1. Could you pull out every one of the aspartates and glutamates with an alpha carbon less than 18 Å from that of K104, ignoring same-chain neighbours closer than 8 positions?
2. Can you send over the carbon and sulfur percentage of the accessible area for the chain, probe radius 1.4 Å, protein chains only?
3. Under the 0.36 nm per residue contour assumption, what length would be gained going from the current alpha-carbon distance of T275 and R142 to full extension?
4. What share of all Cα pairs of segment 3-60, in percent, falls into each consecutive 5 Å distance bin?
5. Looking only at segment 460-498, which residues have a backbone nitrogen under 20 Å from a spot 7 Å from the Cα of V418 in the C-beta direction?
6. With just the Cα atoms of segment 198-238, tell me how far they stretch along each of the three principal axes, in Å, largest first.
7. Largest first, please: the extent of the C-alpha atoms of segment 113-214 along each principal axis, to the nearest Å.
8. For a label point 7 angstrom out from the Cα of R572 toward its Cβ, which stretches of segment 372-403 have the backbone nitrogen within less than 19 Å?
Amino acid sequence: MKVVLAGAHGHGRHHLRNLRRLAGQGVIELAGICDVRPVEVDPPIAAPPQSPDLGALIAKTGAEVTIVCTPIQTHADLAVTALHGGSHVLLEKPPAAGREAHQKIAAAVAETGLACQVGFQSLGSTAIPALRDLIAGGTLGRVRGIGGAGAWERHSSYFTRSAWAGRRRIDGVDVVDGALTNPFAHAVATALALTDGPIASIETELYRAHPIEADDTSCVRIRMDDGFVITIAVTLCAPERHEPYLVVHGDAGVATFVYTEDRLRVELPDGSVTTTVYERTDLLENLIDHVRTGADLLVPLSRTETFTQVLDAVRLAPEPLPIPERHQIVQRDEDGGVGFRILPGVVDLTDRSARELALYSELDVPWTRVELLVAARPVASYEWRPDLPATDAPRPYLHPVRTLDGVEVTEFRPADHVHHLGAGVAISGLGGVNFWGGRTYVRDRGPAWLDDHGTQRHLEFTRLGDEGFAERLEWVGPDGRALAREERTVVARPLERAWALDLTFTLTNLTGAPLEIHSSATKGRAGAGYGGFFWRAPGTSTARTTLPGDEQAVHGSRDPWVALSGTAPDGREWTLVFVQTDGDPWFVRVAEYPGVGQALAWDRPLILEDTLTRRVVTVVADGRLDAESASVLAASMRE
């Protein structure tokens, strides 16, 4: 059978070795190689024609099978070219860089009637049907889920080996070369092959220790329609290679499948343990057998649809969170360059995830959190992927925020206003959408529950360090339409016996028409002009006071600064000094609850034509400051 190989470098060398084996057995003839660089071929294969034009090469050679082993973003176009050229396809995993590309290949398969086998080698193992039988037959009892773990090491050169390595996209074209979707794609695909039914939901957590676009350490939780759960936790930052595996959790037994070795271990409550190593069918041989005899394909394209759903969730997920170097061990090469990046304890972490069916963030891993440090001391945590009800207008927030002596000065979801979320940015009305949370004030009616709550969706951190971050967000309405883009910068600045939280946000209108910023005050509720930067302080604090005047004096003032002080339940005192340069009215509450923020729309709507930028610096101090001390600090923040 005549075979053309598209992509003979990199992983393509594996296919060349396999083709050499099959040529020696008289099964195939290597009819041609499609690559942009010349390739040397060793005996017993005779030097075949080579060309960068796959369609022309198939037409010239009459190839019956084409192996596509090229960059991920080229899979769909080359597979379609081969199919339309009359050639069956063995398509390297992942099959495509998204659902649209996957559907494009599927349409060509349906149109031509030819076969497309996807190169998930693990699905060629006879362990797969054996394990499915164990699950279906009740040997393991009621199975609650499958956990997968994979931990490999990768030198930094792995991510520079090609232009697409470690990339999520190139020039706007999706690549999706991450740990979950490429090196450990087999873990995801194999777990899905053990289940049936559609996917109900997918949760992703993507991280990176290396300076790349894509994830090198990540996890995913897949919930099927019937409630079955799959988790996969992987990393390329282990100290050495550990063979990846799946754990099938049953209430009457546990099965562990090391898919790279086709080894299945079954443990039952009676203490019996059986280990079996299964045979594996080569996927090219299976494709050839299918073409010759009609044998069933082991991995037809249609069998990988759920995998592509997972890949698409990774593609659409926020950009991977950089892991600060303080959580890494960086091994350098002899020339001083970075060799390996190791995350201490990550092998055990992937194992815990597989055993507990948990995501990294649920296992109390420090590098899953964004923390601000001052003098190596954590002073604030930033929750950038909040798990909140829609009525809270879900948004990233800072909590807890602490003084240098550890006094907590923010409150999260207090009983009096559950939509108050520490410190952050919230607007009660932007283009008719409630980005504040809670009830919406309706003119001549009062507060009412409406289905108008928006979400601030994190997109990426463009900079992340111990001292702060720069973040991109989208403000999305309840209909899924993005109304605005936000650039947010947060920096923790050390001061003498205190520190300052410097927050700047820029909102950019994405609608193409003016956006109105409203508050409850603009709709008839006098004094309720809240909206913009907002800080909710702890309601458990007592002896609350404000400066430079009392609550009535500072509420609605346009002073360059206001201060809020209180006494924590343990008797320690604190002061927050809020400093602005834009002259917005201050929204201040003390008696009802402690909170300070901007009032962008104090008594009339603010029109957002293009962009709006605001900056508030908050001095976080231990003790109760007097007006003179607060004024001096405020002046220094405006310099």
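The values are calculated or read from the model by the stated rules, or taken from the named source; none is laboratory data. Note that the coordinates shown come from a computational prediction; the quantities given were computed from them, not determined experimentally. In this analysis, Cβ positions are derived from the backbone assuming ideal geometry, glycine residues included, and neighbour counts consider all displayed protein chains. Keep in mind that these areas ignore ligands, DNA and RNA; they rest on the heavy atoms of the full protein, side chains included. Shrake-Rupley method; radii C 1.70, N 1.55, O 1.52, S 1.80 Å.
1. Partners found: D77, E92, D174, E305, D312.
2. Details: 12370 of 25720 Å².
Roughly 48 percent of what the probe reaches on the chain is carbon or sulfur.
3. 45.8 nm
4. Calculated over all Cα pairs of segment 3-60, the distribution is 4, 21, 33, 25, 14, 2 percent.
5. 478
6. Answer, in whole Å and largest first: 38, 19, 11 Å.
7. Largest first, segment 113-214 extends 48, 39, 27 Å along its Cα principal axes.
8. Only 372-382, 399-403 pass the distance filter.
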